[in-house]
Every structure is written in C-alpha cells, then in structure tokens.
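The values are calculated or read from the model by the stated rules, or taken from the named source; none is laboratory data. Predicted, not measured: the structure shown is a model, and the values here were computed from it. Virtual Cβ from ideal backbone geometry, glycine too; neighbours counted across all protein chains shown. All accessible areas refer to the heavy atoms of the entire protein, side chains included, with ligands and DNA or RNA removed. Shrake-Rupley method; radii C 1.70, N 1.55, O 1.52, S 1.80 Å.
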Amino acid sequence: MRETDALIQETLVTEELPSGLRVSVIPRPGQRRTYATFATYYGSIDSHFRLPDSGHTVDVPDGIAHFLEHKLFEKPDGDVMSDFSRLGASTNAYTEYLTTTYLFSTTQHQDQCLQILLDFVQEPYFTAENVEKEKGIIEQEIRMYLDMPGDRLHSNLMRALYVGHPVRLDIAGSVDTIRQITPEELYQCYRTFYHPSNMWVFVDGDVDPDRVIAAVSDNQARRDYKRQPPIPRILPEEPAAINQERIAQRMPVALPMLAIGYKDPVADLRGPALARRELVTDLMWSLAIGRSSPLFFELYEAGLINDRFGAQYEAAPTYAYSVLSGETRDPDALLERIERGLHNVHFDEEALERHKRRNRGQYLALFNNPGQLAYAYNSFHVRRLELFHYLDELDGITLDAIEERFHQHVRADRRALSLIEPEGAER
Amino acid sequence: MFVGSAQDGVSVYVYPTDRFKTISLYACWVGELDAASASLTALVAYCLRRGTRQWPTFTTMQAHLEELYGASFRADVGKLGEHQLLSFRLEIPDGRYLPGHPDTLGAGLDFLQAVMQEPNLTAAGHFPDDVIAQEKDILRRQIEGLINDKAQYAMLRCIEAMADGARFGVPRYGRVEDLTAIDEQAVAARWSEGRKRWPLLLFGVGAIDAAGFEAAVRERFQGPQSAAPLRPPTLFAATHDGRLVVDEEDVRQGKLHLGLATGVRLQDADYSALMMYTGVLGGFPHSKLFVNVREKASLAYYAYARVDAALGLMMIGAGIEFSDFRPALDIIRRQLDDMREGRISEEEMAFTLESFTNELKAEDDSPSALIGRELERRLLGGGPTSDELEASLARVTRDDVVRVAGHVNVDLIYFLTAHGEVPAGA
C-alpha cells in the first residue's frame, strides 16, 4: 500500500509479508542517514500472558523484556554492536511499557545493516553464563536510574496512580527481579513475542521502498514462520480510582520536584478514538496551563515554576494518564495555585485556533529528524494510529469538546502526587 | 555548504537546502567568559526572552510563537572555550508545508530582531524590576539545580577542579554569589553596552534564499561599533599530576571522571589524530573503555571518552559501584597505557574511522549539528569542515595516534560517591 500526503509531501509505503511481519518505508530523498527500526509489540508490562498455541499461563520476573533487549546483542562469536561498528553504523535498542525497539542509523552500507538488524533480532543466543554476566551491567543501569530525580518522580507517580497495572513498575525491573531471570524464561518470552506476526519494520532514508520490502521479504523467506494469532496478555483488573494520594522521596536535588497525575480510565482505546482523545486532551491542557495561558504566567511570576514546567498526556489501549510536572520552590503553594487556577479555568476560542496551528507545526517537525520520525511512527503503529491521518479530526475539535473533556478528566479523586524533596528539607 | 560573509562585526551564514520541513535560525552575541560577569550576561539572555516592545509580556510572546505554527524559541547562554555566548534559537515550520503556504521566515526574523534589539524596557530604560527579580530567581535555581543530573554534575565539578580559577572553568551561568549582587540597572546597561562590543553571528538553515536573507539580516541587525577580533582559547595544560578529588552526596552510583590534557586543538594539524585516539579509546561501543569496563568486567553501564576541541581537554567518564573505584580506575589506566604503547588493532582503527565518517555525514541531516560545527569553526578562527575532517581522518595512521598519545596526560581524577564510600588513600 502506498499513500502520499500532498501537503507535507511525504509518502508511506507499507506491506504485510506472509509471516505476518509488517514493513513500512518513508522514502526521504536527500537524507544522508538511513534509519531503520525492528520492533516487537512486547514491553515491560507483558510479564504475564498466555501462550498463543496452548493457552498456558506464563508468569516471568519483571524487567525481563528489557533484559531480553540487552541479551539479543550477544552472539556466539561476539557482540553484534561490532558488526554495525565495522560498517560505521550505530545501533541501539530501547524498551518501553508497550514495545521493544531495535534500530540502526547509518550513512553507508544500508543494505548490509538491514540484514544484520533482521538477523540479530531473530537469532537469540542465551547461556547461563552470558545471562549471569549481564546482571552486573543491568544492575548498574538500574542504579543509574535510581539517581535520576526526574526518573524517580515519574516512577513514584505511576505507583501512586496504579493499583495493579504493571505500568506502575520500573521498565528495567528491580535489582531483585532481574537476579531471578533464567535463560529458559528468556527463550520462552522470545519465542512468544518475537514472532514476526507480533513485529514490524520501519525504515526512513534515501531508499527505494520496493527494494527495502523485497530485502526484508527475502530474509523472512529463509525462516520458517507460520502466522501466529495475537498473544493474550493478562492484566489485573485496574480500578478507576488511584492507588495512593501522594508519594514523596528525598534525594540530593537543589529544588523540590512536583508531579501531579490524573488517571484516565480506559478500556481498549485504540485507533481514531485514541487519536481524538489525545488531541482533545493535549489542546485542553495547552489552553488551561500551556505557556501562553494566564495560569502559566501567574505561576511563573510567582516564582513557583520555571519554563520547563508542562503538562503531558500519555494514552495507550490499557492505561492513560496526564502529568503536570516541574521543579518548584514550594510544592504546596504550587499545588494550591494550580487547583485554584484549574477551578476557574476559562477556555478561549482564539487560543484554541492558535493551538491547532501549533499542533500542525509540531506534527510537521516530526519529519525533520529521522530518529524522531521512526519513534513517532512506532508509537502510532502500536496504538493503531495512522501517521498521515493523525490530525484528521483536529479542525473539528470545538471548545465544547474541550470543556467536556476537562470535566471528565480533571477530577480530584483521580489525582495523585509525586514529590522529590531535597535532603535535609524540613517538612 | 554555508555561504555568507562577515562584515562590520556581523557574520551571516546560510545553508540553503530543501531537505528540512523547518527553517532554523541561530543568532548569538559572543562575549568573553569572565567569572565576575558571567551571571550578569546570563541574566541579560533570560530577561530578553520576557518581552519586546511589540510583544511586551511572556504570554503575548508565547501566543505569537503559537501563531507561528508552534515555532520553538530559546534564549540561553552557552560556553565555548573562553567565550560566553548569548544565544537565540528559533525553529519555524516551513510555510511550504502548511495550509495556505504562509511566509514564516520573514516573521521569524522579525521576532528575533524584536527579542534581541527591542526589549520591553521601562521609561527609564531598564528591564522591569519584577522581570529582573523573577529571572534572577529562575537563574539562581538553574545554577543550584545542576546537581540534579549526577553525570553532568560530576563532569562540571571535574572541569572546575582542573581549571583552578582559569577562565575556561567559569560555569556558563556564572556563580550564585555574583548573581545576588547584581543591581537592577546593571542588566539593561550590560545589554546595551554588550551590543556595542560583542560580535554577532547569525546562521540560517533551510529553504532560504541566501542573498535575500543576508540583506534582510543586515537591514535588521546593526553590528557592534568596535568588536574585538575573536581569539582562540588558551590550550589546556595539566598541572595537577593526577590528584584525586572526591565529593560525597547521597547517590546510588559512583561517577568516576578523569580529566586529561592532550595538547591538541581543533585548528591543529594533529586534531584528526586526536579524534581517532578518542574514538579508539572511548567514543563507541567497540572502543576500549566500553569493551573493557562494561563488556568484559561488567563494572559499568556507560564508559566513554570525549574531547573538548576548543581547549584540547579530554574527559573520561563511567558510572560504577562505589567499591569498584580501584578496579575501574586500573582498567581505565591500562587502556591509556595500551594507547600510549600502540596496542591498537587494525580493526579498532578501521571501526573508529567508519563510525566517525558516519557521524560526520549524518550532520547533514540535522540543522542544529550543521549550525554547531559552523559556529565552532567561526569562533575558533578556523578548523576543518566536516568534509575536510572526514578526509583527514582517513589519512590518520596508528603511528599518528601513538604520537598524540604521548602527549595525553591525566591531570585530575574525580569521584562522586556516597557518604562514607571514599576510596582508600583519598
């Protein structure tokens, strides 16, 4: 399938291969880098699931998706990173709540790089010894995150918002859970989730889409994959209510940090409904507390926020929440002013039109950076959003819809707080 | 390629290209990095973002940026060698890809001009008192907040200790104690006096007509009356003989840094050999530090070496367990010995060359990388373009790297650790 957006002058070519693997390409003439990702719909929240063939239930230690991501780089003859290095390409991978993504970026030898990417992700090699060794590295990675105040702020907020949904757990797991991981468990997760029916390839670069698709197709043909049905994931029943009103932690920071979260109960939110909810909620926050809002200026003038303060909405099929966060000298005063400001919020028609323009500009800017484009595409794809149709409903969004959304979402009983306090602070 | 010219203290360089969906503008005044005035200069940048004659408040400015299709704007201070830069960055969506095809470039230049040259001043010619008080507060917290990013903080502390009061060690935002003492009138005075002295550089990347753009810029921006020529910074020399400096904070992971002197800067003939040295040692996943500290010994998640091309200063960093200080340091020292004694494989050389080549070519895809390299060259009074650098890297031999290695010396070792977790002998 080939689709072109005449206004932004971009084309997206997509094909689904017999193995179930989906390949998408955005040709970008003149771009020096070819940026390719190979992603699986398998993230940190997928530690409990049913095997698609037998229906057996499997429980594995938290942090295993991220552990698996690390281990795929290791092969009997060394580390696959050096295969990319040899070609001058850079490679990386990251694990999120919903997905695990492997990537390379290169200005040369892109055909070879693509084959290496496809091969290494599809050829696992886990031994008792190499799994044990990786635990030391991942432990250091986890400890590094434990020293990052922004990371703790978010992590604690998720624990406060969610009672049982695994988004409340750190993506990398904990030092204790990763110590339990065995090669057998890694293989079991691998066989289940790294099936092409559960994966997709995205490439942007100065490439011929048909050639890229043919190359992926040839690579797949060498492997004997039968289509696999979707993998049932087991999630605990998550109440609409929050888990805990407030979590505070002391760390060596100069200023306190405050995150205010609003839980947004969802059930199987995907596709256009999700796009619309994301756009409406984003516009709602921009109008209420965005940089040109009276409330933002009031807080800034009072010295309660700096210009990095902001609101963000995250939505996925099984969880959604908003976060307002930033550094502040006085979290209590900030919270009180925000509450009052939101209570008295006035949504303005002219500002709405302005923010719609801003949305268009920001969408366009996605196409400026090969990595960012791939990231956006993947995050859209896993949530069944169409990249070229994301803004379709933008013009039709009315102030009424914004106000309705505000009353539905911004509720005191769905709100939780996370707080990082400087060491030695009196409270 | 950038085209343009330097005239009367105003340098205008444009990189016309159809590859991007946005137009990127970057303007900076080049001031001298100086301990006493660094925070005052930073405060000027912060106050300028608060309002212009046409858009007098933060709110009206932000609303205007939203009108400009969410143009992103940032006024800040930066540091390069011994220069302090007051920088203004504006990235505007290109009107060709927007409904109605508006001219966003002209509007963008108007905005930059307003911010830099027509601030919202009181009748007495000062920044409003409340604006100064608020921005002072923000800046103070910005400086105090540097500790929040532990890896960054450890690096800054290491550089500060290496500089020992020398100009290059002045933090880009200055010091809190100088900030507190600033009186209200000094800010506008610094701005108007700076404009008469500071060279102005302006870069544009995107679908821009170079000649028309240069004319439009020169029409809008006057140069300084008497700009001093840009001088390259002083070469960093080691004076601490590998002394250990330890900070204790409540952290879960130790940050080990080594500061080194290399004797080579961007404009020197050996610069590409130094780049190869740094790449083989710690620039990539195939490099000695990553392979030996992380992959073989499992002591760290990250381990790297970087070079500050303006000063010829190298920094090695790794995040480690507190008790692994000695083993990690020993492994790092062994890698430095290997470099000096030429234990560098053909493979390490070849991989490093390929990786740098990739990085340099990839700069073409990023407006900020393109501007960054051009800015560095203009400020340091020369140095290779990315194409020239690519060509000269390919000519570097192992002997060249070993020759450079002979001049690399550890100046200082810095360790950020937890309370009570101080390595023996420190």
Q) Right, A:Asp111: farther than 30 Å from A:Met251 by Cα, surrounded by fewer than 20 Cβ atoms within 10 Å (Cβ to Cβ) and at pLDDT 90 or above or not? A) yes
**Q.** Lone qualifier among B:Val44, B:Val30, B:Val14 - being buried (at least 22 other Cβ atoms within 10 Å of the Cβ), touching a His at 6+ places or on another chain (Cβ under 6 Å) and closer than 20 Å to B:Arg220 by Cβ
**A.** B:Val30
Q) Out of all the residues in the stretch A:98-123, which are β-branched (Val, Ile, Thr) and at the interface with another protein chain (Cβ under 10 Å from one of its Cβ atoms)? A) A:Thr106, A:Thr107
**Q.** the stretch A:226-236 - residue that is part of a loop (DSSP other than H, G, I, E, B) and out of contact with any Gly (no Cβ under 7 Å at 6 or more places or on another chain) and, of those, modelled with the lowest pLDDT
**A.** A:Lys226
Q: Return the residue satisfying two criteria in turn: it lies in the stretch A:9-19 and is modelled with pLDDT of 95 or more and surrounded by 14 or more Cβ atoms within 10 Å (Cβ to Cβ), and of such residues it is nearest to the other protein chains (Cβ to nearest Cβ).
A: A:Glu10
Q. So, in the stretch A:332-385, of the ones that are without any contact (Cβ under 8 Å) to a residue 60 or more places away in the chain and in a loop (DSSP other than H, G, I, E, B), which residue ends up farthest from the other protein chains (Cβ to nearest Cβ)?
A. A:Asn344
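Could you tell me which of the residues A:Glu134, A:Glu139 is part of a helix (DSSP H, G or I), open to solvent by less than 20 Å² (accessible area, probe 1.4 Å), in contact with a helix residue (DSSP H, G or I) (Cβ under 7 Å, 6 or more places away or on another chain) and within 12 Å of chain B (Cβ to nearest Cβ)?
When all the criteria are applied, what remains is A:Glu134.
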Q: Go through (1) surrounded by fewer than 22 Cβ atoms within 10 Å (Cβ to Cβ); (2) in contact with a helix residue (DSSP H, G or I) (Cβ under 8 Å, 6 or more places away or on another chain); (3) of a type in the set (Gly, Ala, Ser) and name the single condition B:Ala318 misses.
A: (1)
Q | Residues satisfying the stated conditions in the stretch B:376-402, i.e. under 22 Å from B:Ala27 (Cα atoms) and either open to solvent by 60 Å² or more (accessible area, probe 1.4 Å) or at pLDDT 95 or above (or both) | A | B:Arg378, B:Gly381
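Could you list, in sequence order, the residues of the stretch A:142-154 that are surrounded by fewer than 20 Cβ atoms within 10 Å (Cβ to Cβ) and either among the small types (Gly, Ala, Ser) or in contact with a helix residue (DSSP H, G or I) (Cβ under 9 Å, 6 or more places away or on another chain) (or both)?
A:Arg143, A:Tyr145, A:Leu146, A:Met148, A:Gly150, A:Asp151
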Q) Residues in the stretch A:155-179 that are more than 14 Å from chain B (Cβ to nearest Cβ), out of contact with any strand residue (DSSP E or B) (no Cβ under 7 Å at 6 or more places or on another chain), assigned to a helix (DSSP H, G or I) and surrounded by fewer than 21 Cβ atoms within 10 Å (Cβ to Cβ): how many? A) 3
Q.
Can you confirm whether A:Thr57 is away from chain B (no Cβ under 14 Å), surrounded by fewer than 18 Cβ atoms within 10 Å (Cβ to Cβ) and of a type outside the set (D, E, K, R)?
A. yes
Q. Tally time: how many residues in the stretch B:58-73 are open to solvent by 20 Å² or more (accessible area, probe 1.4 Å) and either touching a Leu at 6+ places or on another chain (Cβ under 8 Å) or not assigned by TED's automatic domain parsing to the domain that holds B:Thr41 (or both)?
A. 3
Q: Take the residues in the stretch B:11-42 that are hydroxyl-bearing (Ser, Thr, Tyr) and farther than 17 Å from B:Arg373 by Cβ, then tell me which one is farthest from the other protein chains (Cβ to nearest Cβ).
A: B:Ser37
Q | So A:Arg329, is it within 14 Å of chain B (Cβ to nearest Cβ) and either farther than 27 Å from B:Tyr69 by Cβ or surrounded by 18 or more Cβ atoms within 10 Å (Cβ to Cβ) (or both) | A | yes
Q) Wholly within the stretch B:287-386, which helices (runs of 4 or more DSSP H) include no fewer than the required count, namely at least 1 residues that are more than 14 Å from chain A (Cβ to nearest Cβ) and in contact (Cβ under 8 Å) with a residue 12 or more places away in the chain? A) B:325-340, B:367-379
Q: Mind listing whichever residues of the stretch B:111-133 are within 26 Å of the chain's Cα centre (by Cα) and surrounded by fewer than 20 Cβ atoms within 10 Å (Cβ to Cβ)?
A: B:Gln113, B:Gln117
Q) Given the conditions (1) in a loop (DSSP other than H, G, I, E, B); (2) touching a Leu at 6+ places or on another chain (Cβ under 9 Å); (3) surrounded by 22 or more Cβ atoms within 10 Å (Cβ to Cβ); (4) assigned by TED's automatic domain parsing to the domain that holds B:Phe356, which single one is not true for B:Phe284? A) (2)
Q) Do any strands (runs of 3 or more DSSP E) lying entirely in the stretch B:190-264 carry at least 1 residues that are open to solvent by less than 20 Å² (accessible area, probe 1.4 Å) and either free of Cβ contacts under 8 Å to residues at least 12 places away in the same chain or outside the structural domain of B:Gly383 (by TED's automatic domain parsing) (or both), and which ones are they? A) B:200-206
Q) Quick one: which of B:Leu121, B:Leu139 is closer than 22 Å to B:Phe88 by Cβ and part of a loop (DSSP other than H, G, I, E, B)? A) B:Leu121
Q: Show the residue pairs that are 6+ apart or on different chains and have beta-carbon atoms under 7 Å apart, the first residue being within the stretch A:238-257 and within 16 Å of A:Pro422 (Cα to Cα) and within 14 Å of chain B (Cβ to nearest Cβ), the second being assigned to a loop (DSSP other than H, G, I, E, B) and aliphatic (A, V, I, L, M).
A: A:Pro252/B:Val251
Q.
What are the pairs with Cβ atoms under 6 angstrom where one residue, in the stretch A:12-32, is free of Cβ contacts under 8 Å to residues at least 24 places away in the same chain and under 18 Å from A:Asn378 (Cβ atoms) and the other, located anywhere, is outside any strand (DSSP E or B) and open to solvent by 30 Å² or more (accessible area, probe 1.4 Å)? Sequence gap at least six, or different chains.
A. A:Thr14/A:Met1
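In the stretch B:21-113, which strands (runs of 3 or more DSSP E) lie fully inside it and hold 2 or more residues that are within 27 Å of B:Ile143 (Cα to Cα) and of a type in the set (Lys, Arg)?
By residue number, B:72-80.
Go through the stretch A:156-179 residue by residue and tally those that are of a type in the set (Asp, Glu) and under 20 Å from A:Ala93 (Cβ atoms).
1
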Q) In the stretch B:381-421, what residues are touching a strand residue (DSSP E or B) at 6+ places or on another chain (Cβ under 6 Å) and more than 22 Å from B:Arg334 (Cα to Cα)? A) B:Thr417, B:His419
Q) Could you say whether any residue in the stretch B:172-189 is at positive phi, open to solvent by less than 50 Å² (accessible area, probe 1.4 Å) and within 14 Å of chain A (Cβ to nearest Cβ)? A) no
